[in-house]
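Report on one structure; see the data block that follows.
The values are calculated or read from the model by the stated rules, or taken from the named source; none is laboratory data. What you see is a predicted model; the values in this text were computed from it and never measured. All Cβ positions, even for glycine, are placed from backbone atoms using ideal geometry, and neighbour counts span all protein chains on display. We work out accessible area using only protein heavy atoms, side chains counted, and drop any ligands, DNA or RNA first. Shrake-Rupley method; radii C 1.70, N 1.55, O 1.52, S 1.80 Å.
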Amino acid sequence: MMEQQRFRIDITELDVRNFGAIKSADIEFAEFTFLVGPQNTGKTYIATLAAMLAKQVSPALVSAVVSRVSTFLREKEMSGSISYETLNSSFKMDDIEKFVLKDAFFQANFFEQLFHQYYLVSETRELIRRGEKEATIKAYFKVNGRSFCTLAIQITIDSLSTKLDFEQGAIGFLLESIKPEFYFFPEGMGSRIRYGTSPRQVTHYVPAERFMVIPIFAQVINLLLSVYRGLVQPGTLELQTPTQFSMKQLLFDYLSDLNGALNTPGTYKVIDMGSIIVGNRQISFQDSIHDAKFPIYSAGSGLAQLSGIIIPLARLNPDFLIVEEPEVNLHPDAQLKVAEYLGEVSTSRRILITTHSHYLIAKLAILYSKGVIRTLSGYYIDLASGVTRKLEMNRENASVELPQSIESAMESLASEAMKLEHNFTTREN
């Protein structure tokens, strides 16, 4: 039996100007992409933006197109079951495209709400780089490897506006890719849509906060529930005191995924260190080296943060995985193993990471040279200028350009060591 082709709608490029700390960034996503730079340069801003567009805008595009095709068919007074083949043979695709594209896809408040949820800003003007008057974002999307559309977002002091440009024939290609079937019930009873190829895709974001959350996750959830119960009047849903809670959407999504994982017993291998065991809403670690089992909160923070990557990845099997600083709290040899792990899982999904580790970058370059990683791109964000630059790589000899901040740190260490050696030699003589 032939395997059904999987539908993909991918963000392939981001062009960003004056957004957060970013002055300019032109990023073309490979199957494995890494962002590197000093603290507070905008790596998380870019990673968050990619996640927001993948999780919210990509599915909204598909849903809007199919919904408008449904409206088109209803206006043509179609009834009963309408397959993609019937749709394609009964109407000119140009007419369908004109109908679908006649109105704007997104209102400004759609993105205003998204930016509030993902960046916790009260006004979108807060996202504009300091000293600038506007920020612009361009996102390029492909459907099953073919150019689909370009989304442009402009944020000014006073407003937010968007523009969506579709490639010629893009709507027809999308419909051909997902092969929707429409069924119209008798008048006034509504309609139903089914897909020949499911457009569902999973994007998973792993935040840096995982190393704090994982060891005490169950306890934190119980604590939050206790706090909530204390704030709520007994027998009602009214707060005793005016209270407002705010949490970034990506962190909320991550906690929700972890909560789901705690309800699903399972065992997950942690590279060559041992296994994570989930059961009875608890996380334990089976140490294969010392043949010992203990609660995850008794383990080191490096192991805890690794669990925070591995458990959701195994459970959700995402199409697009975004990880903040996979090397955090890990010894250099473990960083190399994490790079190997991510390189291996990149064969079945796209990966974007932020990092400060030259160990991890060097290992990724080796995996790229060996063919484990098919395509690899790295970008350095300069702290002073806010400009993002693509790093040079040579696949043949597994070399990668050392980011300026890391190179400067190593030169500083070497200079200090040489001075100490000179002073010691002088005293000896």
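Some points to look at:
- Label-to-label distance, nm, for residues given as Asn329 and Ser298 (7 Å Cα→Cβ offset): 1.7
- Taking the chain as a Gaussian network of alpha-carbon nodes connected by springs under 10 Å, the highest mean-square fluctuation of the residues Asp94, Asp319, Asp257 belongs to Asp94.
- Here r is the Cβ-Cβ distance between Ala414 and Phe110 and R0 is 60 Å; the resulting FRET efficiency, rounded to 0.05, is 0.70.
- Per-selection Rg to Rh, the chain - Cα, Kirkwood hydrodynamic radius: 1.02
- R0 of 60 Å, Cβ-Cβ distance Leu316-Thr425: FRET efficiency to nearest 0.05: 0.55
- Counting only lysines at least 8 places from Lys76 when in the same chain, those with an alpha carbon closer than 21 Å to its own are Lys92, Lys98, Lys102, Lys179.
- Note on region 119-192: Cα-Cα pairs beyond 14 Å make up 72% of the total pair count.
- Kyte-Doolittle mean at least -1.0 and Cα axial length at least 24 Å: DSSP H helices in the chain: 58-75, 404-428
- Anisotropy class of region 316-404 from Cα gyration tensor, a/c 1.5 cut: rounded
- Largest accessible area first, the listed residues Asp158, Asp333 line up as Asp158, Asp333 when surface is computed with a 1.4 Å probe on the assembled protein chains.
- Region 94-139 and region 8-58: distance between their alpha carbon centers, rounded to Å: 15
- Accessible heavy-atom area order of His331, His204, highest first, probe of 1.4 Å: His331, His204
- Per-pair calculated FRET efficiency, R0 = 25 Å: Asp95 and Ser147 via Cβ, rounded to 0.05: 0.65
- Zone of Ser24's modelled label, taken as backbone nitrogen in region 133-152 under 14 Å from a point 7 Å along Cα→Cβ: 136
- Checking the Cα-Cα distances for Lys248/Lys269; Lys23/Lys390; Lys23/Lys138 against a 18 Å cut-off, the pairs over it are Lys248/Lys269.
- Computed over Cα pairs, the Kirkwood radius of region 243-315 leads via Stokes-Einstein (1.002 mPa s, 20 °C) to a diffusion coefficient of 165 µm² per second.
- Were the residues from Lys269 through Asn40 laid out at 0.36 nm apart, the gain over their Cα-Cα distance would be 79.1 nm.
- Theoretical ellipticity at 222 nm over the chain - DSSP helices of four or more residues, -39500 (n - 2.57) apiece, nearest 500: -12000 deg cm²/dmol
- The chain - share of DSSP beta bridges that are antiparallel (%, nearest 5): 75
- Cα gyration tensor category, rounded, prolate or oblate, for region 267-417 with a/c compared to 1.5: prolate
- For the chain, the share of accessible area belonging to carbon and sulfur comes to 50 percent (1.4 Å probe, ligands and nucleic acids excluded).
- Long-range amide H partners of Glu325 with built H, under 5 Å: Thr354, Thr355
- Taken per residue, the accessible surface of region 73-202 reaches 58 Å², heavy atoms only and a 1.4 Å probe.
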